[in-house]
Structure formats: C-alpha cells, structure tokens
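In what follows, a structure is listed as structure tokens, so that the remarks can point back to it.
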Amino acid sequence: MTDMAAACEIASGVTLLSTIDCFTKRCLGALLLGAGLMTAAPAYADQSVTATDNGAVDCDASKQDLTRISLKDDQFASVSKVTTGVATEDFGIVNEPTRGDIYISVPEGYTRPTISFFGTTQKGFVYKFVCKVSGSEAKQVFVTNADMARPAKPQAGSAAIRPNVPLDQQAVSLVRAMFEQKPLDGFEIRDEPRTPVNVGNLKVQLISEYDGLSMAGKVLRIENTGKEPMVVTDELIASQGAIAVSISNASLQPGQATGAYVVVPAGDL
C-alpha cells in the first residue's frame, strides 16, 4: 500500500475516494446511518427542558392531538414503554426516522393522568419521560442535554484540519466529523434538512452541511422507495468533482435507508 492509499483509510475501516490518488477507486465506508439533525426553534408556548443522562423529563402531552418531542443536537434511536392491552390505558408512540423525533398520540377515553416511557438517543443518553396529559391542541417538547449544552473545553488532539495536511487526509477528517456529528475547527455546520429529491427509485435528502474554506461536506439520507433491491453508487449521489464519497450501506432493500457523506471543493454545496 502506498503512502497516499494509506492516507485514504481511517481507524474504523472507512475508505474514501480522493481526487489526489484514490479518485478512480470506489471506496465505500462501513458506516452506520448518522442522519444529521434539525435544531428546532421553539415557538411560543412550546416546552423547552434540560435533561441529564439517566434523568427524568417532566413535560405536558396533548390529550386530543399529537405531541412531538425533539432532541437538540441528538436523535431518538429507540423508545420503550409498557403495553397494558387495555385501550384506555395505552398510548401510541412513533419514532420518526428522518429527524429522529418522536410523536405521541393518546386515544379517546384515556384514563391515566400521565404517560411515561424511556427514550434512548443516538449519542447513548437515556431519559425517562413523565408527561401530564391535558388539552386539545398539539404540543411540542424540545429537550437539551445539560452536558452537551456546556461549552466544550479545548483538548489536545481535538478535531481540526491543518492547512499543510494533504487533501485526502483532510477529507478523512471531515468525513469522520460528519459521521460522528461533531464540530470541526474551521467549519460552519448548518443543520437545515432540505426537501427530498427523487433520483429514480432513490429518495435523497440533504440533512446537514459542513462549510470550510477549502472543502465542504454534505450529510445525505438515501432511501430505496422502489420494490426491488438497489445498489447506491457514488455517481448517483456525487458529482465528478467530489473529493470523497462514503456510503454506510450501498445495498438497499425496498424501504431501507442509509447515510452518505460527500466531500466537495468549497463553493460546490
């Protein structure tokens, strides 16, 4: 392996496509779907709460409409609740995959004064929710993790791209930061999901962007909306001028989604 090819590998086994030496190679990374997150701005009368890992979250849920719970800089990975089998004592909860929010609905005639469940996030936090049930209007709850909200102290070896580092190594660092949903020195992050577009039977949505001086990154969510399995290729999601492309799972079954990370020259976003 040449020094340049070695620069296209990172510790997790992710390989990249670089315009310097590996632009002609297909290098698909073995990443998990890391959908970018939407930082919602709470409207008036919405609930904003701060939580800690393994802590309890008190909130209000709508009795006659939907309740949305959204995490700041994180997403719900799973929710757990007890099912009683009694229609007037059970409530519905859906984990929406694109933005990682959850939606709660309470059936007509629900007899309990509260709903309770556990939520586990993509970043490994666990919260216990206890929400009072009342009102006919839809409600929203925005949860911020207390530890994540504190400014991080600079650490030796923190994520950064130095200008004297070869382009392919810079791309490796950028892909790693996008996958881990972490800030990167010199890059502005915009978590503003765009409207999905259809490319054949693939639905492609831009989730977030990393904008730097020399290069920029795109976090994409890709879903197979067809009835047959599909293989996601670099050419389908990136232009010829892309510096690097990494796809979590290139082989998608019908209805299956994956994440992709594309690095392009600055100004090409």
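Each value in this text was obtained by applying a stated rule to the coordinates, not by laboratory testing. Being a predicted model, the structure only gives us computed values, none of them experimental. Here the Cβ positions follow ideal geometry from the backbone for every residue, glycine too, while neighbour counts run over all protein chains shown.
What is the extension gain from Asp185 to Val49, computed as 0.36 nm multiplied by their sequence separation minus the C-alpha to C-alpha distance, in nm to one decimal?
Full-extension gain reported as 46.1 nm.
How would you rank Val143, Val57, Val231, going from fewest to most other Cβ atoms within 10 Å of each one's own Cβ?
Fewest to most other Cβ atoms nearby, the residues stand as Val231, Val57, Val143.
If the chain between Ser105 and Phe118 were fully stretched, how many nm would it gain, using 0.36 nm times the residue separation less the Cα-Cα distance?
Length gained, Ser105 through Phe118: 3.1 nm.
Which ³J(HN,Hα) values, rounded to whole Hz and listed in residue order, are derived for region 133-147 from phi using the Karplus coefficients 6.51, -1.76 and 1.60 in 6.51 cos²θ - 1.76 cosθ + 1.60 with θ = phi - 60°, glycine and proline given as x?
With coefficients 6.51, -1.76 and 1.60, one gets 9, 6, x, 10, 8, 5, 10, 10, 10, 10, 10, 10, 6, 4, 5 Hz.
What order do you get for 118-127, 76-85 when each peptide is scored by the mean count of other beta carbon atoms within 10 Å, highest first?
Answer by packing, highest mean first, reads 118-127, 76-85.
With θ set to phi - 60° and the Karplus curve 6.51 cos²θ - 1.76 cosθ + 1.60, what are the ³J(HN,Hα) couplings of region 79-90 in order, to the nearest whole Hz, using x for Gly and Pro?
Coupling constants for region 79-90: 10, 9, 8, 8, 9, 8, x, 9, 4, 7, 10, 9 Hz.
How do Cys59, Cys131 line up, fewest other C-beta atoms within 10 Å first?
Cys59, Cys131
Once phi is turned into ³J(HN,Hα) by the Karplus curve 6.51 cos²θ - 1.76 cosθ + 1.60 with θ = phi - 60°, what whole-Hz value does each residue of region 202-213 show in order, with x for glycine and proline?
Couplings: 9, 9, 10, 10, 7, 8, 8, 9, 10, 10, x, 6 Hz.
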